[in-house]
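The values are calculated or read from the model by the stated rules, or taken from the named source; none is laboratory data. Predicted model, so just to flag it, every value in this text is computed and none were measured. Counting neighbours? That spans all protein chains shown, and the Cβs are built from the backbone with ideal geometry, glycine included. The accessibility values were calculated without ligands, DNA or RNA, using every heavy atom of the protein model including side chains. Shrake-Rupley method; radii C 1.70, N 1.55, O 1.52, S 1.80 Å.
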Amino acid sequence: MAKLSEKYEAVVVFSVKTNDEEQIKAVVNKFSDLIKANGTLTNVDEWGKRKLAYEINYEDEGYYVLYNFESKPDFPAELERVINITDGVLRSLVVLAH
C-alpha cells in the first residue's frame, strides 16, 4: 500500500554575491509557501551565511536554509525542479528523513 505522506528534508544554498538579504528572504519565503501549498512545513532553519567547503561558480560563501516538511511522495521531485530553475541557488538536496 502506498504511503499518503512522508517526511522530507531540503537543504538549499543561496548565492550571496547575486542576492542581497531581501532577495534571499523573498526566495526563502517562496519555497516555504510552495511547500505549505503542497504539504505540511514543520520547520525552517536558516543557518545563515557560511563558508563553502569548495568554490561553486567562483563563490566561496553561501546562505544555507534547511526545510523540514511532510508531503505526498510525488512533491519532492517538483520542489527540486522549482529549486533548480530558480536564479541565485548554488546547490540543493532533498532527501527522505527518518
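A few notes on this one:
- Between helix 75-84 and the chain: long-axis angle, C-alpha atoms, 0 to 90°, nearest 10: 20
- Helical contribution to [θ] at 222 nm, DSSP H n ≥ 4, -39,500 (n - 2.57), averaged over the chain, rounded to 500: -9000 deg cm²/dmol
- HN-Hα J in Hz across the stretch 4-19 - Karplus 6.51, -1.76, 1.60, θ = phi - 60°, x for Gly and Pro: 7, 8, 10, 9, 10, 10, 10, 10, 10, 10, 9, 6, 9, 7, 8, 10
- Calculated FRET value between residue 58 and residue 32, using beta carbons and R₀ = 30 Å, to 0.05: 0.55
- Proximal lysines to residue 72, defined as alpha-carbon separation beneath 24 angstrom and excluding residues fewer than eight positions away on the same chain: 3, 7, 30, 36
- Dipole check for the chain: with +1 at the C-beta of Lys and Arg, -1 at the C-beta of Asp and Glu, and the Cα centre as origin, the magnitude is about 240 Debye.
- Fraction of antiparallel bridges per DSSP, the chain only, in percent to nearest 5: 100
- Bridgeable aspartates and glutamates around residue 17 (alpha carbons under 17 Å apart, same-chain partners fewer than 8 residues away excluded): 55, 59, 60, 61, 87.
- When the charge dipole of the chain is built from unit charges on Cβ atoms (+1 for Lys and Arg, -1 for Asp and Glu) and taken about the Cα centre, the candidate among 27, 11, 69 whose Cα reaches farthest toward its positive end is 69.
- Relative contact order %, the chain, counting alpha carbon pairs below 8 Å whose residues are six or more apart: 47
- Compactness index (Cα Rg / 2.2 N^0.38 Å), the chain: 1.09
- Accessible solvent surface per residue of the stretch 16-72, calculated while the other protein chains remain in place, 1.4 angstrom probe, Å²: 65
- Fully extending the segment from residue 77 to residue 21 would add 17.4 nm, taking 0.36 nm per residue of separation and subtracting the current Cα-Cα distance.
- Of the accessible area of the stretch 24-68, computed with a 1.4 Å probe over protein heavy atoms only, carbon and sulfur atoms account for 46 percent.
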